[in-house]
Amino acid sequence: MNDARVYTEKAFENAVEAALLRSGWQRGLSNTYNPTLGIDTSELSAFLGASQNDAWLALRAAYGEDEEQAIGRFAKRVAREIDSRGLLDVLRRGVNDRNVKIQLAYFRPAHTLAADALVEYDANRLTFMRQFRYSDARPADSLDMAFFLNGLPVASVELKNGLTQQTVEDAKRQYRRDRDPKELFFAKRSLVHFAVDPTLAFLTTRLAGDATRFLPFNTGSGGPGQIGGAGNVPASTDGTYPTSYLFDEVWARDNWLELLQRFLHVEDAAAKAGRAPSHRPGSAHTQPLIFPRFHQWDAVRKLIAHAARHGAGENYLIQHSAGSGKSNTIAWLAHHLSSLHTSHDPRQIAPAALASGLGANKLVFDKVIVITDRRVLDKQLQDTIYQFDHKAGVVVRIDESSQQLADALTGPTARIVITTVQKFPFVLDKVAGLGGQRYAVIIDEAHSSQGGESAAALKKALGRLGSDAMDEDGDPLTAAALARGKQPNLSFFAFTATPKAKTIDLFGTPYANPGSGEQEKGPFHIYSMRQAIEEGFILDVLGNYITYATYFKLQEAAAEEAEQQVDPRKARSRLVRAALMSEASMASRAKIIVDHFRSHSSPRLGGRAKAMVVTSGRDHAVRLYQAMRAYIDQRGFTDCGTLVAFSGALTIDGIEYTEAKLNGFPERELSARFGYTRADDPNPPSVPKPEHRILVVAEKYQTGFDQPLLTTMYVDKVLANLAAVQTLSRLNRTHRLKATEDLFILDFANRPEDIEQAFQRYYEASVSEPTDPNLLFDREREVMAYQLLVEAEMDAFVTAYFAAFQGGSATDTAIMKAHARLYGYLQPALDRFNALNATEPETAAEFRRALDSYTKAYGWLSHVIGFENLELERLYQYGRFLLRRLPAPVRSAGTDIGMAAPSHMRIAQTGTPELHLEAAGAQVLAGLVPEAAGTVADAEEMSLAEVIQSVNDEYGTGLSNADQILLGQLVVAVSEDPDLRAIALHQDQEVFGGELEKDLDRIVIDQAASNDALMVRYFDDTDVNRLFKQVATQQAYQLIRRPVRREAERRATEQRAAEIKSSGTRPAQPPTT
C-alpha cells in the first residue's frame, strides 16, 4: 500500500510533535498570542498562578484591576523589560513591579535536598504552536513551529521533508527572504531559529536578511564526540531520523530548560576584548547571542555526567580542533563544575566514589581552577558566568601574587580561579591543608608542559596524599612519590587540538582498539579538524602550498684553515646557517617575500590581507626584517608596512635591538596595531594611521594568535610535527571575506610530505599506546649498573633534602644552609664520576646519558603511572641534583668554521605540491620514552675543506661555475684597482667595503668591454648584485692583503674562465620537481 501521507512535510512535523509531547511539552493555543507585545498572555497568567500565586495576587492588588486587565498591564511591563534587558536576562532574573518581585521562569536547582526542591521548577509551562502566525502586519505568514516558556517566545523552527523535494536549504532561504528581521518576534523576542530536515539541522540567533548566518547543529558523521566529518550519522531502519537527536534530546523539556539556564549568553564585545563590560540598555538585541554548537553541548553534558557519577580523581582529554569555540566550552564546563552535585539516587553514583565518602546530593568539587595563558579568558569567563548567576566575585583571576592564589583557593567567595601553572610551585609555601578539598582543574591547551616540577607542585599543593598526609611511617619521600600520580581529590579536564603522546598518556581514556584488541589511550571527546573544516569553522591551510629551495656554494677555506679538524655535524650545521643567514640570502628572501605579497596577497580581502614570516630565531628575524625594510624602502613601496616580533634584547654587530625599538611602540600594542585596517576604521583620522601588513616573528605569535586577516605565511624555519600544525594553523581563522583560495604558504625550509604527515596526525583524532610500567625499572637498573651511586648516600641526601624545607615552613636562611649541606652529600658520587671520567671517559659519558634518560623519563612517567616506589623516587631526587654537578663533557673535535661565505647563491621555486588529508581514522602517536641511553658514537673528525665540499655537494645542486667565474673576474679587477688596493692595505675591511660600494658600478662597466655577461647579470639581477658586492668585498680585500696567494688566485680564476669560455656561459637552472 502506498500512503502518500509519508511524503508530506506534515509527517515530519508530526514526528517532531510526538517527541515533544513525550518529554513534557504541551500544545499551545494559537489565539492567545499577543503579537503587539510578543507574549502569550494566557500561558503567562497560568504560570504565575501555579508558581507564585501570592506574589501575583499582591501585584493585582497593587494594580487594583481584575485578572484580565492585570495580566495585560503586567505583560506590558514584561515587554518593556525585555526590550531593555533582553529575554534571557528577564527569564533568569525576573522583573520588579510595584515592589513585587515576579519570576518569569524557574530553573533546576543544583541539588534536591529540600523536599519541595522541584515544585517551582515543575511549574514551568513549555508549549509549542504549529503553523504559528506571529505578525499583525502579515497575518498570512506562519512558522512551522514556535516554542514558548511561560508564555514568552524563545525559538522558532522551519521543518522541511526531503521526500517533498524540499531540504534544509529551503528552510534557510525562507528565513532569509520571507521573514522580516524587524518583526518583533524575530527582533526582540525569540532567541534562536532552527532550520531542520530529516538529515541536517542548522540554527541562527539573529536574522539579517540575506546576510543571515546559519551554523550547523549536527552530531558529526561519526556520531557525537567521535571521529567523523560534517553532517549526521546516516539514516537507519530503526524508525529514527538522522536529526532525531534534536527533538528527542536537545529539545527535551529538562535539556531545553538547562540550555536557557546555563548555556545561552550574550557575547559582550568589551569582555571578549579583555575589558570590563558596562550597562547599555537594549544592547542584548544588537550584540551576538551565543547558542552552543552541538559538540560543545554534548561535551559539557558528558563530562559533567561522568564527574557526577565518579567524583574527583579522574582525568579527561578533550581533543577539540581550532575553531571549536573552546573558550565558550571552558566557560560552560567551569560553571557547571562549580555547582555540580551528585545524584539524589545513590545508585547513580559509582561504587568507588561512594566508598571514598561521596554521597547523594553532595557537591562534587569545592573549587574549579582554570589554567591558561590567555589573558582575555578571565574577562570572558567573568562576564559569561555573571549572566548565569548574577553574582560578582565567583570568577577570580590570579595576576598579582601567590598569596592572592592561596586566598582564592581557601576563601568562600571564589568558585572559579583562573591562573597559570607557573604560579603553583609558589603556592607550596602559602597553602596548608588543601588536601581535604576536591578540585576540578581545567587546562587550556594541554601539552607536555603539564609534566615536570610545575605540575608536580600543583598536585602536591592540592593532593591529599601530597600535602598533610604521609605514609604510615610519616616518610615525606613517599608523600612526594604519591603526589606525582593520579590524586583522589583532583580531576583534570585537558583541552587541546593537538595533543602530544605524553598528553594522551597523562589525560587520555584507556580503551581497547576495536580492530586489534590492543589497549590504547585516546580522547574522552572529539571534535576533529576534519569536521571543523567541513563545517566551515576553519579553513584548510594546505590548499595553496609552494616550496622554495636555496642553492649555494661556499668559498673554499683559506689554506691555513682547510686542514683544521672539526666535528662534521656541528661544522656542517654552522656552515649551512652561515650561508642561509648571509646578506645575500636575506636579500633574496626579502625580495621574494615582498614581491609575492604585493602581487598575490595584498589585494585579497578587499586590501586587508596580512602575512606572517616565520623565522628560526631572533637573529634571523632581525636580519630578515632589516632586509625586507631595505628592499621596501629601495623600491618605494608604501603598501606593505612590516613589523617584527621577538622576545628580549639582541646584540648584532655591536648594536642592541629590541622589538619595541625596531617597531617604534611597546610590545603590548603589537597585536592591535598589526590588526588595524583603514577599511574597517569607523572613524578614520584625517592623518591616516599606518597599516602594517607583514609580521616577522621568532618564537612569538606562532600559537594562540587569532588574526582572521592572516592569509599568507612565509616559512623560513624547519617545523616538525606539532610545531608545523600549530604554526600554519594561524591561517585557518575565518573571516567574512576570506576563502581557502585566499591562503598561501611559501615554504623555504620544509619538505611538503613532512608537513602533510604532521597535519594528518591531528586531522581526526590522536591516540597513543599505554606506557609500559616496567620501563622505569629498566632505566634504574641501567643507571645502577655503573656502580657509581651508593644507596646509603642517596638515603642521606633525600632525608636532608626533605628535612630542609620543613613542610614548607623553612626560612630562607635555613634553606641556604641546607643547600650547602646537599652539595656535600653529592660529593662522593661526584668524586667517583671524575675518577672514571679521567680513565674511561666513554663509560663516564654513558653513565651521564643513562642518568639523564632516567630522570627525564621518571619526571614524566610518574604522573602517568603513579608509582609509589621509594627506590625510584629516591634515584630521581638524587639524580636530578647530581646531574647539575657533573662536569660538562669535552669533545676533541672543534667547530671553528672561520669566515664562511657563499660564493654562489640562488633561491628558486621548486614546486606547488598538492597536499591532501585523508579520513584515515585515529592516528597512533609515537611513544614517549626513549630507548636505553646506550653509547652515542663520537663524530669522526673531518677537515674543514671536506665538510665544505660535502655541504656544496648537497646545497649546490644544479649550479654551474658561471656565477663563480663572473665573480672571480670582478674580484681580480677590484684587487688591481690602485686606489682600492691602497685603501685595503691601510684600512679595515669595513672601510674598504664602504669605498668599494661607491666604485663597484664603475668597475663593472669598465669590465663590460671584455665580458658583457658580467654587466648584464650585475645590473639586471638584484640577487646577483648584492651577492657580488658582498663576496667581492671579502675576497678582494683578502686577495690584496695576502700577496703570496694573490697571483695563484688570479691564475686559477683565469684558468677557470678559459674553461667556461670554451664550454659556453649559459647559467644552469635549479632542478624542478
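Would you be able to tell me the number of residues in the stretch 164-177 that are closer than 11 Å to THR199 by Cα and modelled with pLDDT under 90? Residues flagged as closer than 11 Å to THR199 by Cα and modelled with pLDDT under 90 within the stretch 164-177 amount to 0. Of the residues in the stretch 151-160, none is over 16 Å from TRP251 (Cα atoms) and touching a Phe, Trp or Tyr at 6+ places or on another chain (Cβ under 6 Å). Taking the conditions exactly as written (out of contact with any Gly (no Cβ under 8 Å at 6 or more places or on another chain) and in contact (Cβ under 8 Å) with a residue 12 or more places away in the chain), does GLY72 satisfy them or not? The answer is yes for GLY72.
Just to verify a result, which residue in the stretch 595-621, among those that are without any contact (Cβ under 8 Å) to a residue 60 or more places away in the chain and part of a helix (DSSP H, G or I), is nearest to ILE655 (Cα to Cα)? The selected residue is ASP619.
Looking at ASP116, is it exposed (fewer than 14 other Cβ atoms within 10 Å of the Cβ), in the same structural domain as GLN52 (by TED's automatic domain parsing), over 24 Å from VAL233 (Cβ atoms) and without any contact (Cβ under 8 Å) to a residue 24 or more places away in the chain? Judged against the criteria, ASP116 is a match. Residues in the stretch 411-449 that are out of contact with any Asp or Glu (no Cβ under 6 Å at 6 or more places or on another chain) and modelled with pLDDT of 80 or more: 14 in all. If you go through the stretch 678-717 and keep only what is crowded, with 18+ Cβ neighbours inside 10 Å and β-branched (Val, Ile, Thr), you end up with ILE694, VAL696, VAL697, THR711, THR712, VAL715. When the stretch 487-537 is filtered for residues that are outside the structural domain of ASP366 (by TED's automatic domain parsing) and among the acidic types (Asp, Glu), the ones remaining, listed by number, are GLU534, GLU535. Note on the stretch 688-730: among residues that are charged (D, E, K, R) and part of a loop (DSSP other than H, G, I, E, B), the one that is modelled with the lowest pLDDT is ASP706. Counting the residues of the stretch 119-132 that are farther than 30 Å from ASN14 by Cβ and surrounded by 19 or more Cβ atoms within 10 Å (Cβ to Cβ) gives 0. Of the residues that make up the stretch 133-150, is at least one touching a residue at least 12 places away in the same chain (Cβ under 8 Å), surrounded by fewer than 21 Cβ atoms within 10 Å (Cβ to Cβ), in the same structural domain as GLY28 (by TED's automatic domain parsing) and within 42 Å of the chain's Cα centre (by Cα)? No: zero hits. Would you confirm whether any residue within the stretch 316-335 is within 17 Å of ASP389 (Cα to Cα), out of contact with any Leu (no Cβ under 8 Å at 6 or more places or on another chain), assigned by TED's automatic domain parsing to the domain that holds GLY508 and hydrophobic (A, V, I, L, M, F, W, C)? Yes, the conditions are met somewhere in the stretch 316-335.
Residues that are in contact with a Leu (Cβ under 8 Å, 6 or more places away or on another chain) and in a loop (DSSP other than H, G, I, E, B) within the stretch 731-747 comprise ASN732, THR734, HIS735, LEU737, LYS738, ALA739, LEU743, listed in sequence order.
Here the stretch 68-112 is the region considered, the condition is being hydroxyl-bearing (Ser, Thr, Tyr) and in a loop (DSSP other than H, G, I, E, B), and the residue that is farthest from SER190 (Cα to Cα) is THR112.
The values are calculated or read from the model by the stated rules, or taken from the named source; none is laboratory data. This structure is a prediction, so every number in the text was calculated from the model and none was measured. When we count neighbours, we look across all protein chains shown, and the Cβ atoms used for this are built from the backbone with ideal geometry, even at glycine.
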